[in-house]
Amino acid sequence: MKQRAFDREQLYLRLPVQLQHAACSVEGLRAHNRRFGGDFPALLADAEERSGWTAEQIAEYRDRRLRAFVRSAAASTPYYRRLFADLGLDPASISGLEALSQLPILTKDTVQAHYPELISSNFQPAELIPVHTSGTTGGGLRFATTRRAHQEQWAVWWRYRRWHGITQDTWCAYFGGRSVVPLTQQRPPYWRYNVPGRQILFSGYHMAPDTLDAYIAELRCRRPPWLHGYPSLLALLAAHILDCSLELGYQVRWVTIGAENLLPQQAALIERAFGVWPRQHYGMAEAVANISECPLGKLHVDEDFAAVEFLPNPEGPGCRIIGTGFTNPAVPFLRYEIQDLATVDDDGCPCGRPGRIVAHIDGRHEDYVVLANGSRVGRMDHIFKDLVRIREAQIVQREPGAMTIRVVPRAGYTQHDEQLLRQETARRVGTEMVVLIEYVDVLPRSKAGKLRFVISELDAGKLDRITL
Ligand SMILES: [Zn+2]
């Protein structure tokens, strides 16, 4: 299977550019039908209707689906049949969100180790769609889902986009990790067209100071009203526009971001360059949680999509996000540890849409640095909040009490900015931390094109000795 995918990609990359455009459209049409065919319009209409429900109605709906999902997991998968037996627990006792705490947390490692036992006997292999996650750390995860589960997820994603006025026929400039342009290609076009999906797929792997003018020229020519993608890539484009005082020549109406956590400094660059504040949603292939930004800028938990728990984080600030999706009965994940942190906001939102409110997604579990005394400090993105003359930044830690900040400076970056960076860093991690600042032209990205914000190369054994 893996071999075949590899061959297909190799074949694609050898095609002439015109055929690559055609191949993107063929694949785009296939994805379009898989996502938006069949029951999708009804699923979207139902999801939109639930936007107007009260908190009580949505909680009742969530718990009802959760109960059916847990029952099905316990009856049709060897893993959960055994788990409930070992715990001496009746699946019917999981009556709602709160009752989930009777079950253990499911980690990615457990899923990988026990995958065959997690597959429900209620589905034939032909009914299943393979999913794989790229994973910023460790290996990716491979599992199966159903077409309906896939469409329910797309319905919740499109509900959020439609809250902001984006319609399904809107042309989108996509800046993400798909490798649509061969790495060896050294001149434009650094993009391919997916006509049925209304997308200009820009390559995230060719974005450099001397190629970005071509990206801008393509945007100026096609005028897509909607930019979507990784915030680190959109911020690169934004910084280039600002540095070179370029005019896009048209008004972008929407910028939406996904896949990476949005850093405040990236949001500021994007707003300055495009004149709109980037909107975000939080979701993942495992479909165990979804959080969507409303037009008032608040992040609503999509309670009708998954049963989401926010548990205390024993290692520092923020809450661990634990999710139980109830859309994919083929491979049920109960209380899945997503390894992301969030801060919950108890104030609610005046927009009237239901769902608990999250003040911010705090990034990955491992996005912290360790002080000399062993304590951990998270939310390092705060440091860069007002440092808009930094194009991008990354923190690398190899030993407790010392860290390196890799900085790609923008034009006009001066000694004063470095001083500010040092001040802000000291405010976050104290003055004892040894901070090295390293200036680089580009930052390394993962295989999927994502930018890791904090890279920790701490020796786990050494760390344990210090924290004990
Ligand atoms: Zn709201």
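Values in this text are rule-based calculations from the coordinates and carry no lab data. On a predicted model such as this, the values are computed, not experimentally measured, just so you know. All Cβ positions, glycine included, derive from the backbone under ideal geometry; neighbour counts span all protein chains shown.
Listing VAL288, VAL434, VAL369, VAL252 from the residue with the fewest other Cβ atoms within 10 Å to the one with the most, what is the order?
By the 10 Å Cβ count, ascending, the order reads VAL434, VAL252, VAL369, VAL288.
Among DSSP bridges having both ends in segment 369-467, what percentage is antiparallel? Round to the nearest 5.
50
Under the √(5λ) rule applied to the eigenvalues of the Cα gyration tensor, what semi-axes describe the equivalent ellipsoid of segment 369-467? Give them in Å, descending.
For segment 369-467, the ellipsoid semi-axes come out as 24, 17, 10 Å.
Compare the peptides 36-44, 275-283, 49-57 by average per-residue count of other Cβ atoms within 10 angstrom and give them in order, highest first.
Ranked from most to least packed, the peptides come out as 275-283, 36-44, 49-57.
How large is the helix-only mean residue ellipticity at 222 nm for the chain, computed as the sum of -39500 (n - 2.57) over DSSP H runs with n ≥ 4, divided by its residue count, in deg cm²/dmol to the nearest 500?
One gets -10500 deg cm²/dmol as the mean residue ellipticity at 222 nm.
Restricting things to alpha carbons, find the Rg to Rh ratio for segment 296-356 using the Kirkwood radius for Rh.
Expressed as Rg/Rh, it is 1.01.
For the residues PHE202, PHE305, PHE274, what sequence is obtained by ranking on other C-beta atoms within 10 Å, fewest first?
Going from least to most buried by this count: PHE274, PHE202, PHE305.
Return the percentage of antiparallel bridges among DSSP beta bridges fully within the chain, rounded to the nearest 5 %.
Of all bridge pairs located within the chain, approximately 65 percent are antiparallel.
If you average over every viewing direction, what projected area does the convex hull of the Cα atoms of the chain give, in nm²?
Computed as one quarter of the Cα hull surface, the answer is 22.9 nm².
Taking K and R as +1 and D and E as -1, what net charge do the other residues with C-beta under 13 Å from the C-beta of GLN423 add up to?
Charge balance in the 13 Å sphere: 0.
Relative contact order (percent) for the chain, with alpha-carbon contacts under 8 angstrom and 6 or more residues of separation?
Contact order relative to length: 14 percent.
Counting Lys +1, Arg +1, Asp -1, Glu -1, what net charge surrounds ALA268 among other residues with beta carbon under 9 Å of its beta carbon?
With Lys, Arg at +1 and Asp, Glu at -1, the net is 0.
Work out, step by step, the length gained on full extension between ALA208 and THR414: first 0.36 nm times the residue separation, then minus their alpha carbon distance; give nm to one decimal.
Net length gain for the segment: 72.0 nm.
Output ³J(HN,Hα) for segment 20-26: one whole-Hz value per residue in order, computed from phi by the Karplus curve 6.51 cos²θ - 1.76 cosθ + 1.60 with θ = phi - 60°, and x for Gly and Pro.
Result, ordered by residue: 5, 4, 4, 5, 5, 6, 4 Hz.
With r as the distance between the Cβ atoms of ASP7 and LEU246 and R0 = 51 Å, compute the FRET efficiency 1/(1 + (r/R0)^6) and round to 0.05.
Step by step, r from the Cβ atoms, then E = 0.80.
If amide H atoms are built 1.01 Å from N in the plane of the peptide, which residues on other chains or at least 5 residues away come under 5 Å of the amide H of ALA359?
Counting only residues 5 or more places away or on other chains, the set is THR343, VAL344, ASP345.
Between THR54, HIS21, TYR174, whose Cα lies farthest towards the positive end of the dipole of the chain when Lys and Arg beta carbons carry +1 and Asp and Glu beta carbons carry -1, centred on the Cα centre?
Looking along the dipole axis, the top candidate is HIS21.
How would ILE129, ILE291, ILE119, ILE257 line up from fewest to most surrounding beta-carbon atoms within 10 angstrom?
Ranking ILE129, ILE291, ILE119, ILE257 by Cβ neighbours within 10 Å, fewest first, gives ILE129, ILE119, ILE291, ILE257.
Taking K and R as +1 and D and E as -1, what net charge do the other residues with C-beta under 12 Å from the C-beta of GLY52 add up to?
Cβ neighbours under 12 Å give a net charge of -1.
Pairs to check: LYS298/LYS447; LYS108/LYS447; LYS108/LYS450; LYS108/LYS385. Give those whose C-alpha atoms are more than 22 Å from each other in this structure.
From the list (LYS298/LYS447; LYS108/LYS447; LYS108/LYS450; LYS108/LYS385), the Cα-Cα distance tops 22 Å for LYS298/LYS447; LYS108/LYS385.
Hey, any idea what Rg/Rh is for segment 263-335, computing Rh the Kirkwood way over Cα pairs?
Taking Rh as the inverse mean 1/r over Cα pairs, Rg/Rh reads 1.07.
Treating only the Cβ atoms of Lys and Arg (+1) and Asp and Glu (-1) as charged, compute the dipole magnitude of segment 193-264 about its Cα centre; round to the nearest 20 debye.
380
If you plug each phi of segment 226-241 into the Karplus form 6.51 cos²θ - 1.76 cosθ + 1.60 with θ = phi - 60°, what whole-Hz ³J(HN,Hα) values come out, in order, with x for Gly and Pro?
Residue by residue, segment 226-241 yields 10, 10, 9, x, 5, x, 5, 6, 5, 5, 4, 5, 4, 4, 5, 4 Hz.
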